[in-house]
Every structure is written in C-alpha cells, then in structure tokens.
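The values are calculated or read from the model by the stated rules, or taken from the named source; none is laboratory data. Not measured: the values here are computed from a predicted model. Because the Cβ atoms are built from the backbone with ideal geometry, glycine has one as well, and the counts that use them run over all protein chains shown.
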Amino acid sequence: MKNVLRNAWYVAGWAGELEGETLLARQLLGEPVVMFRDAAGAVHALADRCPHRFAPLSMGRLCDGGKAVECAYHGLRFDSAGSCVLNPQGGTIPKAARVRRYPLVERYSALWIWFGDEAEADPALIPEFDFLVPEHWAVGTDHMLVDAHYELESDNILDLSHIEFLHPIFSSAAVRRGEIECVQDGSTVWSRRTMLDDDLPPFLRQAFGIPEGARADRWLDVRWNAPAQLALWAGAAVAGQPREQGRVTPSAHLFTPASETGTHYFFAIGFPRALGPMAETLAAQNIAALRGPFQNEDKPIVEAVARRMGTNDLQSLKPVLLAGDAAAMRARRILQAMIAAEAAAAAAPATAQPA
C-alpha cells in the first residue's frame, strides 16, 4: 500500500480469534498475513505465502507444538521467525526458503501487528485501551469489513454529529445543540461533544440509568491516535449533576487498512468486572446491539461516500467544512505529516551525498 504509516501498530484481530491450532489469515495493508498461537500461548505472524510455489500457509497446519507452520502444498515448514526448518524433499533447506516475520503483540484483548522497521516495534507505542483489559473488564468484540478508505472511518467517529440523522437509537435533537471542542495533545486528537438538558430516547435512557421524565446532560468524548485507533467514552448524568454521578460506557473503534479501498473495522465495548456476573451479559448484549447500526447504517453511507469519491483524495475534492469536521481534519493533517516524515527518513540514506 502507498501513503500509509508503516512504523505504527495496527490491530490485526482479536486475541480470542487465536484458539488452539487456529491459523488466522487476513489481508492487512495490502499484504497477506497468517497468525497463530504456539503451545506456550505466544502469538506470531508470518507472511501468508510459501516461497516455493506461493501457496497460502494459512491453508496448512501447525506442527511441533505450535512452533512451525507446514505448507499444505509440498510440506515445507516455517518457524515463528519465518525460517524454513524442514524440507521433506531431500532434506536440504534452500537459503531463500524463508518468509517475513511481523512483530505481533497481544494487548487490550487485541492482536497488534507492526509493518515497519522491526527494530522500532516498541509495544509501549500502543495507545492505551485500559477498558479492554480482560482481567478487569468484560469485553465484547466484533469485526467487519468496510469497502472504504480507513481515514473515512476515522472521520465518521471523530464527527458524531451524524448520529442525529443516521442513528435514531443513539440520538435526539440535542446533538445539534451540543458544544463541540477539538483539542490536540501532542499527536493525539480529542473530539468532545457535550449536550445539556437532553430528552434521551428509550435505549439511551435505559443504558445510562436516567429516570423516566428526567432530563440528562450527555457527553461523547473521542480520542484519536495515529494511524486510526479511536476510543469513545459515551456518558450521561441527570441534568445538572456532575459527570461523576452519571454512567460512562467506553468503546473502541480500531481501523486497519485491508487495501487501498477496504478497511477492517474492529470494535469493542467494556464493562467493569466489579459489576459481577452481569458484566459478561452486558458486554455480549451491547456488542450485539452495536453491530446493527454499524452494519446497517454506518457501513452503507461510508461505502457510498467512498464510491462517490472514487480514487480522489478528500482534499482534492475541496469539501465544504462544518464545525464538526475540526477534529477529523486535524487528525488527517497529523497522519499525513507522519507519513511524509517516515517517507523522508526512508529516502534519506539513498539520497545522502558523501562528505
């Protein structure tokens, strides 16, 4: 893929997708990848293409206690470092018989993959999603593919003015009256929307514990980190009460390019285990409830936007900008600056002149 940040962590899947001897295949940043978990529980990722006749390794099987993947076509085996460790035809292992290894980290219930310089793959760079730590939170997860560029998906979450028109279950007319704030903290962008004296629809009234007939103060706080990792804290309290007396539901919206025109949308929601057994029930119910509007309302409109844009860059089309676009445009500028800096650094050694 072109014009993409490579020295960054992307979500490749949910940790729960790697169970037993599963070989999980995904196209990420235009590259086929296979992921697996060894017998000790460590996760690994390799290029999903055997260097012999280019069969997908994901069609094969795990061997040697999860330490190697066997190609289903001619039986070559590759360890977690990508080195061929067995050639069943003659025993000699060709020097070129290896596949690329990708750094893969399990954190916040997710599998995080790195496509850039392996020496730069510091897990400390993964944005914090503490509400997805399974030891302390019941976590509901889901995934879908969207036929649109991943930045359009970030735009969609950073500007939640659309919920009034696209998601009646989540909204009311108070959304348009909301106070909007865009804040940049280093390379992190915050989009905050505060709605006061709101008459919540039934779904939200129940979700936030607002008594029937009572008005509510409501907030939507979104945090963006490059390249497309977003956290959303949705909360509400009885009108006039401080936030601390209300309820907050955190969710994650994690976008990874599959290709130039396709995006993996990994979304999750967390409920504290302090709630007891009901936390797991709430996580399962709420992630299922989110699937409907995301799939039937967000996905069609974002894909329609992508079709109308074609191969044009957003800025080249000179979009009319509204107040709610501030955070999305800020995030786009930050991301493009990071991509440009990365490209310049990669080109520097080749263009440097001898002293």
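A compact table of results
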{"quantity": "Unmet criterion (only one of (1) farther than 25 Å from Glu260 by Cα; (2) at pLDDT 95 or above) for Ala39", "calculated": "(2)"}
{"quantity": "Residue satisfying all of: in the stretch 69-107; free of Cβ contacts under 8 Å to residues at least 60 places away in the same chain and of a type in the set (Phe, Trp, Tyr); surrounded by the most Cβ atoms within 10 Å (Cβ to Cβ) among these", "calculated": "Phe78"}
{"quantity": "Any hit, the stretch 73-89, residues being within 19 Å of Phe266 (Cβ to Cβ) and either in a strand (DSSP E or B) or at pLDDT below 95 (or both)", "calculated": "no"}
{"quantity": "Qualifying residue in the stretch 246-261 (condition: of a type outside the set (Gly, Ala, Ser), in contact with a His (Cβ under 6 Å, 6 or more places away or on another chain) and crowded, with 20+ Cβ neighbours inside 10 Å)", "calculated": "yes"}
{"quantity": "Qualifying position, being more than 23 Å from Pro227 (Cα to Cα), of a type in the set (S, T, N, Q) and either at pLDDT 95 or above or in the same structural domain as Tyr265 (by TED's automatic domain parsing) (or both), among Ser109, Ser58", "calculated": "Ser58"}
{"quantity": "Tabulated pairs, the stretch 49-68, first in contact (Cβ under 8 Å) with a residue 24 or more places away in the chain and more than 13 Å from Glu31 (Cα to Cα), second assigned to a loop (DSSP other than H, G, I, E, B) and of a type in the set (Lys, Arg), C-beta under 8 angstrom, 6+ apart or interchain", "calculated": "Leu57/Arg49"}
{"quantity": "Selected residue (criterion: surrounded by the most Cβ atoms within 10 Å (Cβ to Cβ)) from residues of the stretch 37-59 that are of a type in the set (A, V, I, L, M) and within 10 Å of Cys71 (Cβ to Cβ)", "calculated": "Leu57"}
{"quantity": "Residue satisfying all of: in the stretch 245-297; among the hydroxyl-bearing types (Ser, Thr, Tyr) and not in a loop (DSSP other than H, G, I, E, B); farthest from the chain's Cα centre (by Cα) among these", "calculated": "Thr281"}
{"quantity": "Test result for Lys318, at positive phi and modelled with pLDDT of 95 or more", "calculated": "yes"}
{"quantity": "The stretch 168-192, residues that are farther than 24 Å from Arg330 by Cα and crowded, with 18+ Cβ neighbours inside 10 Å", "calculated": "Phe170, Ser171, Ser172, Ala174"}
{"quantity": "Residue in the stretch 275-283 that is surrounded by fewer than 18 Cβ atoms within 10 Å (Cβ to Cβ), in contact with a strand residue (DSSP E or B) (Cβ under 6 Å, 6 or more places away or on another chain) and at pLDDT below 95 present", "calculated": "no"}
{"quantity": "Residue match in the stretch 202-213 (condition: farther than 13 Å from Ala236 by Cβ, among the basic types (Lys, Arg) and surrounded by fewer than 19 Cβ atoms within 10 Å (Cβ to Cβ))", "calculated": "no"}
